[in-house]
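Undergrad: Supplied in structure tokens, the structure appears directly below.
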Amino acid sequence: MARHLKVPALLALVLAFGGTAHAAPKDEARRYFNLAMEQVAAGDYDVAVENFLTAYDILPHPAVLYNVGRALADAGEYEKSIDFFTRYLATEPIDRGEVEGFIGTMQARIEAREAAIAQAQADAEAEAAAQAPAAGGTATTAEIAQLERLAAELQALAASLQSADPADLPLAVGVDGPSEPVAETPTDPTTTVELPPEPPLDDALAGAFLDPYSREVVTASRYGQDPLLAPSSITVITADEIALSGATTIPDLLRRVPGMDVMQPSAGQPEVSIRGFNRRLSNKVLVLIDGRSTYADYLGATIWGTLPISLADIERIEVIRGVGAALYGASAFAGVVNIITRAPGDPSVDNQITAAGGTVGTGVGSMVVSGRQGALSWRASGGAVRLGRWATEADLEERPDLVSDVEDQSVALDNRQANATLDWRVGDQGLVRASAGISEAFGEFYPLGALRDYYYDLRHTYVRADGAYGPLSVRAFWNRDVGVAGPWLREAGKTDRLTSNIIYDLYDVEVRGDHTLGERFTHRLTGGVGYRFKSTSWDYLDQDQTENHFSLFLQDESTFGPLHVHAALRVDKHPLQDGIQPSPRLAAVYEFMPGRAARLSAGTAFRNPTFIESYTSLYVDTPTTDGVVVNTLGDTELVPERIVSIEAAVLDHSSDSWRGELAGYWNQVDGLIEPGDVSAEDHQLDGFDEDLGAFVAGESHFENEPGRYRAVGAEANFEYFGIPGLDAYANYSIERIWFSDYEGTCGYDISKTDGEACVDTSTPTHKLNAGVTWRSPAQVDVSVSANYVSAQTWLLRGVDEQGQVINTPAQVDPYLNLTAQVIWHPTDRLDVSAAAWNFPALLPAVGAHREHPLGQPVGTRVTGQVRYRF
Amino acid sequence: MLLLSTFLACAYEPPLDPGANHIDESVGLSGDLVIAGTGDQVGPALIFRYSVGDLPLPYGFGSPVDLSTVPTSAWQRPVDGGIEVAPWSMAGVGAGVWWITALVDVDGDFNPFYDFTISATCGDRLGAFVADPFDPTPLALSVGDPYDPDSIPIPSWVDGLEIVVDDPLTVERPVFTLSAQTPSASRTEEATQYVVLETTSVDHPLLTIPESADDPCQPDFLIHLVDADGDGVLDPHPNEDFAAQGRGDVWPRIYGITYVDADGQTTDPALDPDATPWLTELPLVHEVWTLTGRDPGERFTVTDLTAAFSQAAVRVEPDGSQTTFYGADVPAGYWSLMAVEETGQMWRIPNQLGVELPEFDADAHPDQAVALLIE
């Protein structure tokens, strides 16, 4: 009997919201799961059930109970099957109705069997009675007593089966496959009774088997798919990897991703880019939480410290390396980071409470609770993170020449946040989700240009609503940032021109559809329309500003046997741009062998000018003169930054023990937006500005750099999980970026040159990551990870005494960040762990390192953590 | 053991490195601007910091190393009446010995970006941080000198420094040009050569023009025949060479500064920071005023004056040392001329009204593009 792996429609809906379960040592569990599926296909149900249960032991998931029940049902073991399905129903699954119907079907069959047996017994007794006179008598009293004893034993056995732990059940006993069911007559062990034929069980249950260990990703195509067949390079960081990482922030987790550029000028605002072009307030990566943009359009960055989630909220992180504008529009320039939180009511995930503390002012606490009742499920979480600065700029107690609005000079990040999500299942096809969150965040960051250490004190809130019915879905959300930001330190007595108030609102709505055509050759069509309204009131801008954005995207995944062709096009309308911004992507994935594929893709992406780049009017003091300022201005004539990318990759996911990927790419980037030089214009004629209390020396506009960058790079990634309890990974990235102006010379900025070549040296050429985790049988897990980044040379923008912009090269030495963590599990519910992040810095011979010339020396952060699951 | 090591680790808190990105330690200065003179005319105030090694006009030729500002709105009259005061401050003061001076720009025509708007004009008030309110000579402020117990330590913040602001100036800057008869002079000519400076009227939006001939703020030369000891005799010129030539101590001073050398290269440090300037003083010919009945010690205004080309020049080295050259050793080329009043008010030609600023329509002020040709 052929069995097909199918995911029920409701589970697909949950996937669409990003809530599928990826946890724990998934790869190891999947190995047993795959074996079980092969055995199911071969009709070897007893071994299949054994392997299902081994997978369940490694990584418990209700879907395994479902699968065991399903396999037992196929084997005709209805009573045992009902037991597992009953346990599955106890987890409040979304397909309760179907499963209950299936159980009913099996019970009917049991009753039919019993009736058939009873009938056979009656027939036998009748036949015996008919033969008795001839034999000289009826059934003896002893024979009747023997039958009654046998019936009692059968009832006792049934009772023991129902109460036993399924893992301890003698599952292999008497399960010989889905041959025609037979039953032994109680009257004569040698006599069999032919039962009536039973219809296939697939007709009674829509979904045959669930795959809880699938390596499905949702970010590459905005629907669930095997990463092998995805149109982009994608990396998944699971909740288990997060727990074993020793990291305290999301950017620290991202260091392990091949091609990822993570630098930490401050613990309060690490900067993240992909395949180069990182900078202070990095703006090339779109960061999503369950598909909701966290991009602060007023600033052009993700302010990590304001994200209202803790690591305990995260189910997994999907990282798309390369252009993503064809699906996500602006800012998905170098890649997309999609943080997928735990689904409400996910029965495979325990509620948990976590508390951690450590050196450098580290304190972390979080609690996540989740539940399900009927059609409703919910998740609520709250947490706090406090990270100390690696170093202060100055000791204010000894520096009366400086002042600061920051009360605690030792804090780099202080975030308190809460979240709530409520799901309501509507029938078999619908799901409505409402969620909201808030974070009160204080943090430190290093802004652009000549500006130095800054702080922010922001309240970030969001309210979100999602709805899905069948192939249609609607998403709407509102993001709001309110607060203040300004220089961390100021010279006493100097006019404070830079501390500012911010009110930023973003409203977004998107309607999306998904439809599959064809059978042998299929087309999966996805499309959507979106509208986004942005409003910013910020002292740095010339006035309050609003923008209306519109978007439309279409995507088709055509499948021709082993060939998958992805074609996507998104168009965006920006209010300051003429026409529309098209973002096409074309990718072909050829699975030349099962589990092995080659991919060729090409696409474009763009980054729109942000509010600060378009509308700024900010007076900045010249460094040596109190009374002379330069006006930094936005430019509404800026054009978006654009990237064209071509990528080729080979992936091998065929083994149950290891996985390998190799990717190479070529990128061309035009029109990067940067602050320009200072021009006197007519400002100097204006003389003293009474309102400013200063003379205006000139102005500096944001401008599109008159030049082009070309990048070539390659990434190799290898993961090994062939030994039970042991996982290892290693990846290496190499990249080179060249710059030239449009006249073909390297004249735009001489300090970007490296010998004769015009090399952008702010991107490290080499990055190497490696790590190993060992889940020992002795209730102790150990993980070690390494992150090596080669040297960089940055250009630091400044203003000289004449008020002219100068760029000074500054070196960042190569550094190696080693992190180790030990987790002890004294009970099934309690974890106690100790982690040392960047522990080589403790060695005097190594010491702290800088990841940006202006950044603080990054030292060791030692933390201890207790986690209790309930 | 794991727990113990964890808590031990948590208990260890290394001190924060205060040198993450070192912000230079400095001194902040603050206090009040106090009107010591008469009248209640105020405007935005400019606070200048000069090194005592490079003093401003009329004491030297230095440029300020820092400028801070006080808006007009900061001036407040105390509740109990009295003179107006305004708080001032200056951040980032490094080690050195400094003069702190002030210019209250009553007419609002000060502009630090042009060479013809950086001098006080008629009606403005001048001030300084002084030891004695009745002595306008600024008091040197020592900062960061470890060997001077009175020096302000670094870092620190010093409040309560009063800058005393004097009466409004009653004279305008000496806006002048060269007489057409004296565009050049010879380094080797034995006979005394004279240069004639004439005041002129320049109309420009950045300049305050006298409303009428009766306006006391005319751009004339303010002559002061110095008789410091009150003996009724003009004091000799402070420069011994000039005194030996019989030149008296008369204000304004007329200076020549190398501008463009014989090869056409600029030698003006205002245009080329790397240039090494040569300087000469052209002592005034004062006899005419003595002959016309002016008494020593008297102050009066004139519209033209005559200075003598001394055929000597001082080379000011980057380290501040000076060497005097004579005759043929004086560099040939174009020299700019600067007239400095005893108040420190100044005018110089050529200036940006005549050259280098095409947006100003240089052709409109050809008399401000004139330089003295030394041959």
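Undergrad: What tally of residues in the range A:528-545 results from selecting those that are of a type in the set (S, T, N, Q), under 33 Å from the mean Cα position of the chain (by Cα) and farther than 14 Å from A:Asp297 by Cβ?
TA: Going through the range A:528-545 one residue at a time, the tally reaches 0.
Undergrad: Filter the range A:812-850 for residues that are touching a helix residue (DSSP H, G or I) at 6+ places or on another chain (Cβ under 8 Å), in a loop (DSSP other than H, G, I, E, B) and within 13 Å of chain B (Cβ to nearest Cβ) and give the result.
TA: The answer is A:Gly847, A:Ala848.
Undergrad: Next question, about the same structure. Under 24 Å from B:Pro56 (Cβ atoms) and touching a residue at least 12 places away in the same chain (Cβ under 8 Å) - does that describe any residue in the range B:287-294?
TA: no
Undergrad: Okay, next question. Can you find a residue that is of a type in the set (A, V, I, L, M), in contact with a Lys or Arg (Cβ under 9 Å, 6 or more places away or on another chain) and either modelled with pLDDT of 90 or more or closer than 29 Å to A:Arg280 by Cβ (or both) anywhere in the range A:706-718?
TA: yes
Undergrad: Here is a follow-up. For the structure I just gave you, tell me whether B:Ala120 is in a loop (DSSP other than H, G, I, E, B), modelled with pLDDT of 90 or more and either of a type in the set (Lys, Arg) or within 30 Å of B:Leu207 (Cα to Cα) (or both).
TA: The answer is yes for B:Ala120.
Undergrad: When only residues in the range B:235-246 that are in a helix (DSSP H, G or I) and in contact (Cβ under 8 Å) with a residue 12 or more places away in the chain count, which is surrounded by the fewest Cβ atoms within 10 Å (Cβ to Cβ)?
TA: For the range B:235-246, the residue satisfying everything is B:Asp241.
Undergrad: Got a number for residues in the range A:59-74 being at pLDDT 85 or above and within 11 Å of A:Val40 (Cα to Cα)?
TA: Number of matching residues: 5.
For (1) surrounded by 18 or more Cβ atoms within 10 Å (Cβ to Cβ); (2) within 23 Å of A:Pro594 (Cβ to Cβ); (3) away from chain B (no Cβ under 14 Å), each residue gets a yes or a no:
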| site | (1), (2), (3) |
| --- | --- |
| A:Ile643 | yes, no, yes |
| A:Asp652 | no, yes, yes |
| A:Glu661 | yes, yes, yes |
| A:Leu685 | no, no, no |
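Undergrad: On the given criteria, is A:Gly329 buried (at least 22 other Cβ atoms within 10 Å of the Cβ), touching a Cys at 6+ places or on another chain (Cβ under 9 Å) and farther than 19 Å from A:Asp261 by Cβ?
TA: When the stated conditions are applied, A:Gly329 does not pass them.
Undergrad: Shifting gears a bit: So B:Leu46 clears everything in (1) modelled with pLDDT under 90; (2) under 25 Å from the mean Cα position of the chain (by Cα) except one condition, right? Which one?
TA: Condition not satisfied by B:Leu46: (1).
Undergrad: Which residues, counting only those in the range B:27-84, are part of a loop (DSSP other than H, G, I, E, B), within 14 Å of chain A (Cβ to nearest Cβ) and in contact (Cβ under 8 Å) with a residue 60 or more places away in the chain?
TA: Within the range B:27-84, B:Val42, B:Gly43, B:Pro44 meet the criteria.
Undergrad: Considering only residues that are within 17 Å of B:Pro64 (Cα to Cα) and in a loop (DSSP other than H, G, I, E, B), which ones fall in the range B:123-143?
TA: Selection gives B:Thr137, B:Leu139, B:Ala140.
Undergrad: I would also like to ask the following. In the set A:Glu440, A:Glu444, which member is assigned to a strand (DSSP E or B), within 13 Å of chain B (Cβ to nearest Cβ) and either surrounded by 20 or more Cβ atoms within 10 Å (Cβ to Cβ) or touching a strand residue (DSSP E or B) at 6+ places or on another chain (Cβ under 7 Å) (or both)?
TA: Of A:Glu440, A:Glu444, the one residue that is assigned to a strand (DSSP E or B), within 13 Å of chain B (Cβ to nearest Cβ) and either surrounded by 20 or more Cβ atoms within 10 Å (Cβ to Cβ) or touching a strand residue (DSSP E or B) at 6+ places or on another chain (Cβ under 7 Å) (or both) is A:Glu444.
Undergrad: Which numbered condition trips up A:Thr863, out of (1) within 10 Å of chain B (Cβ to nearest Cβ); (2) part of a loop (DSSP other than H, G, I, E, B); (3) of a type in the set (Ser, Thr, Tyr)?
TA: Every condition holds for A:Thr863 apart from (2).
Undergrad: Going residue by residue through the range A:413-424, is there one that turns out to be in a strand (DSSP E or B), among the polar types (S, T, N, Q) and more than 23 Å from A:Asp290 (Cα to Cα)?
TA: no
Undergrad: Exactly one condition in (1) closer than 25 Å to A:Asp401 by Cα; (2) not in a loop (DSSP other than H, G, I, E, B) is not met by B:Pro146; state its number.
TA: Unmet condition: (2).
Undergrad: Looking only at the range A:614-657, which residues are in a strand (DSSP E or B), over 35 Å from the mean Cα position of the chain (by Cα) and of a type in the set (D, E, K, R)?
TA: Within the range A:614-657, A:Asp621, A:Asp626 qualify.
Undergrad: Further, regarding this structure: Return yes when B:Thr101 is at pLDDT 90 or above, closer than 13 Å to B:Val165 by Cα, more than 12 Å from chain A (Cβ to nearest Cβ) and out of contact with any Ser or Thr (no Cβ under 9 Å at 6 or more places or on another chain) and no when it is not.
TA: Answer is yes for this residue.
Undergrad: Can I ask one more? When you check B:Gly108 against the structure, is it modelled with pLDDT under 95, within 14 Å of chain A (Cβ to nearest Cβ), surrounded by fewer than 19 Cβ atoms within 10 Å (Cβ to Cβ) and on the phi > 0 side of the Ramachandran plot, yes or no?
TA: yes
Undergrad: While we're looking at this one, here's another question. Exactly one condition in (1) farther than 23 Å from B:Gly37 by Cβ; (2) in a loop (DSSP other than H, G, I, E, B); (3) under 26 Å from the mean Cα position of the chain (by Cα) is not met by B:Glu189; state its number.
TA: Here B:Glu189 clears every test but (3).
Undergrad: Turning to a different aspect of this structure: Does A:Asp401 satisfy being touching a Phe, Trp or Tyr at 6+ places or on another chain (Cβ under 7 Å) and crowded, with 23+ Cβ neighbours inside 10 Å?
TA: Here the answer is yes, as A:Asp401 does meet what is asked.
Undergrad: Report the residue count in the range A:366-395 for those that are within 14 Å of another protein chain (Cβ to nearest Cβ), free of Cβ contacts under 8 Å to residues at least 40 places away in the same chain and not acidic (Asp, Glu).
TA: The total comes to 2.
Undergrad: Further, regarding this structure: Determine if the range B:129-142 includes at least one residue that is away from chain A (no Cβ under 14 Å), of a type in the set (Val, Ile, Thr) and closer than 26 Å to B:Met346 by Cβ.
TA: Checked against the condition, which is being away from chain A (no Cβ under 14 Å), of a type in the set (Val, Ile, Thr) and closer than 26 Å to B:Met346 by Cβ, the range B:129-142 yields at least one hit.
Undergrad: Residues A:Arg279, A:Arg316: which one is in contact (Cβ under 8 Å) with a residue 24 or more places away in the chain and within 12 Å of the chain's Cα centre (by Cα)?
TA: One residue alone meets the criteria, A:Arg316.
Undergrad: Quick check on this structure: which one of B:Val202, B:Val226 is out of contact with any helix residue (DSSP H, G or I) (no Cβ under 7 Å at 6 or more places or on another chain) and of a type in the set (A, V, I, L, M, F, W, C)?
TA: B:Val226
Undergrad: Within the range B:247-254, does at least one residue satisfy the condition of being in contact with a strand residue (DSSP E or B) (Cβ under 7 Å, 6 or more places away or on another chain), among the small types (Gly, Ala, Ser) and either part of a strand (DSSP E or B) or within 19 Å of B:Thr188 (Cα to Cα) (or both)?
TA: Yes, that holds for at least one residue.
Undergrad: Continuing with the same structure: Would you point out which residue out of B:Gly232, B:Gly160 is surrounded by fewer than 14 Cβ atoms within 10 Å (Cβ to Cβ), farther than 22 Å from B:Trp347 by Cα and within 14 Å of another protein chain (Cβ to nearest Cβ)?
TA: B:Gly160
The values are calculated or read from the model by the stated rules, or taken from the named source; none is laboratory data. As the structure is a prediction and not an experimental result, all values here were calculated from the model. In this analysis, Cβ positions are derived from the backbone assuming ideal geometry, glycine residues included, and neighbour counts consider all displayed protein chains.
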